[in-house]
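One structure is given below, encoded as structure tokens.
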Amino acid sequence: MTDTGDEVERQIAPGGREGRGNLGRWTLVMASGTLVSRILGFVRTMLLVAALGVNAAGANAYDVANKIPNAMFALLAAGVLNSALVPQIVKAFGKADGKRIVDRIVTIGSVISAGAAAVLTIAAPIMVQVYSQDWSPELLALATGLAYWIIPQLFFYGLYTLLGQVLNAREQFGPFMWAPVLNNVIGIAGLVAYIAIYGKYVTGSEFVPSDWTPERIALLGGVATLGIAAQALILVIPLVRGGYRWKWRWSGPRGELATLRRIVSWALAAVVVEQIGVALTTQVASAANPDGEAIGIAGNAAYTSALTVYLVPHSLVTVSILTALFTTMSRFYANGDIGGLRSEISRGARLIGVFTVYATAMMLVIGPLVVRALLPTASNPEARSVTEVVWVLSLGLVPLGLSVLVKRVLFVMEDARSVFLIHIPMTLAWLAVAYGVQALADPRWWAAGVAAGLVVSNVVAVLVRGVTLHRRLGGIDAGRTAILHLKALVGAIPAAAAGAGLMVLGPDPEWFTSLGGALTSVSSLGYGGLVAAAMALVYGTVLRLLRVEELEQVLRPILRRVRRVR
């Protein structure tokens, strides 16, 4: 049975040039969902640290088990589907038989995700060894047991991405960003139950394999997977309410998905290269302190905690801007409007730059307070080990935002081959720095070396991808973007100086530890918020004096919401 014209029309998302005026509103909706999710994610991380520690053996084992589905999600979903699907779905919804094509994409993607989850779950022992180095048999066994429960998340990650990208293509941005809230609520409940049954981790405790019973492993890993399942399945509700009802469609006209197949193939190859880098650099971090005996040396779990802090500003604002831009850029390219595409790229780079330059300065200044807020039960040496990695990672916020923007533009232009080719020097740069630090420095700096490699990798990506786009589009307004970043840097320097002064005059970050528990988190985050606000005031004042109009574009939806509340 074919869809009628009215039914197809209801599937087509609004768009075009008029959609550009909604960027601020869309960004605010997505950022608010991400903010709530990140706050709950912080609570979840606090509980996880309370349960497993930071540089402890159990924490490292859980981190490796949890990294497997996340890495494979990046491989099969985030890296491929996020980038490849939206342009193809937008194009499909513009056709008379568009819904049938989208149904095929969801069907095939779901089957592939389910198959990958099944195969990798069976291969859990091999996967654990891929991400670890110099681990004892007992620690490998613990990580493998957790992996059996956690790897099935891959199917639900894939389903979440597929359904979410259909929503995004239809400009229903909110549900995709708000769904992780449910995941975090379930995760928090599970960790509360875990701590109530098995107690908190005591810093310096010896790893005792017999303590890790099957029931304990099942509670820790099973609840984590339940949260991801709920995060995916809840998206069915807004899809149905929005008028999209999925039907199983495996086959279709020959060659219908040829373009998508080509793009996905190159994208998959690119993420394979990237994930080789992830696996090898994880080995470097995991070898620094596998058994947790040196509580002040960051291992793979500490690196992941630092990555969580580092990605907060990126996920709150940068990803929200990119997600909204991705749909409009896809529509401009589909309509052959290259001028509109160039303009949107320039606007996105400048908006991202205004925020990421400030975010870099902010994270360098208040990073110790954010880490202390995130890890209230960690000892001071553990918190310092995470902070050192956060400082290094923070240097990469600007190139990360620009790199992701340019990568998405290449996918909009259906040039996944270039994405693959660029990932090769990116990964080589990451590995060169990480292994160089491992060879030349003390284990204390190995995780920081992995972070430094990631920063260099993103710088390489911006340079190479930027040149590629410049050639393809005949210019991307790079001069205007560079001037914006220079003005932002001029504003960031006095802002950082003001923030550093407040940090010197205020309590030492380690003092907040003496307050204990929730007071440690609330007080350190509260003071950090005051410092960040003061920095934002200085930064904004300088940018207003320099007549940086992009500042107002970033702040407009927030100020409008404040006025409505008043």
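Odds and ends about this structure:
- Sites matching chymotrypsin sites (Phe, Trp or Tyr not before Pro) across the stretch 197-278 that sit in DSSP coil, with at most 11 neighbouring C-beta atoms within 10 Å: 248, 250
- In angstrom, the C-alpha Rg and Dmax of the stretch 268-401 are 18.4, 60.
- Loop-located GluC sites (Glu not before Pro) across the stretch 242-342 with a Cβ neighbour count of 10 or fewer within 10 Å are lacking, with loop assigned by DSSP.
- With a Förster radius of 35 Å applied to the C-beta separation of residue 185 and residue 254, the computed FRET efficiency comes to 0.15.
- Probing with 1.4 Å while keeping every protein chain in the model, the per residue accessible area of the stretch 338-396 equals 21 Å².
- The stretch 236-369 - percent of accessible surface contributed by carbon and sulfur, probe 1.4 Å: 62 percent
- Here the stretch 173-315 was treated as a single set of alpha-carbon atoms; its pair distances binned every 5 Å from 0 give 2, 7, 9, 11, 16, 18, 14, 9, 7, 5, 3, 1, 0 percent.
- In the context of the full set of protein chains, the stretch 160-294 has a per residue accessible area of 45 Å² (1.4 Å probe).
- Approximate spin-label separation residue 549-residue 262, in nm, with each point projected 7 Å along Cα-to-Cβ: 3.9 nm
- Cβ-Cβ FRET estimate between residue 497 and residue 193, R0 fixed at 56 Å, reported to 0.05: 0.75
- Between residue 470 and residue 245, the contour length at 0.36 nm per residue exceeds the alpha carbon distance by 77.0 nm.
- Accessible area in square angstrom per residue, the stretch 433-518, 1.4 angstrom probe: 50 Å²
- Computed FRET value (nearest 0.05) for residue 200 with residue 39, which takes r as the C-beta separation and R₀ as 22 Å: 0.50
- Put a dot 7 Å past the Cα of residue 489, heading toward its Cβ, do the same for residue 533, and the two dots end up 3.1 nm apart.
The values are calculated or read from the model by the stated rules, or taken from the named source; none is laboratory data. Keep in mind that what you see is a predicted model, and the values were worked out from it rather than measured. Heads up, the Cβs are rebuilt from the backbone with ideal geometry, glycines too, and the neighbour counts pull from every protein chain shown. When the accessible area is computed, the model is the full protein with side chains, heavy atoms only, and any ligands, DNA or RNA have been set aside. Shrake-Rupley method; radii C 1.70, N 1.55, O 1.52, S 1.80 Å.
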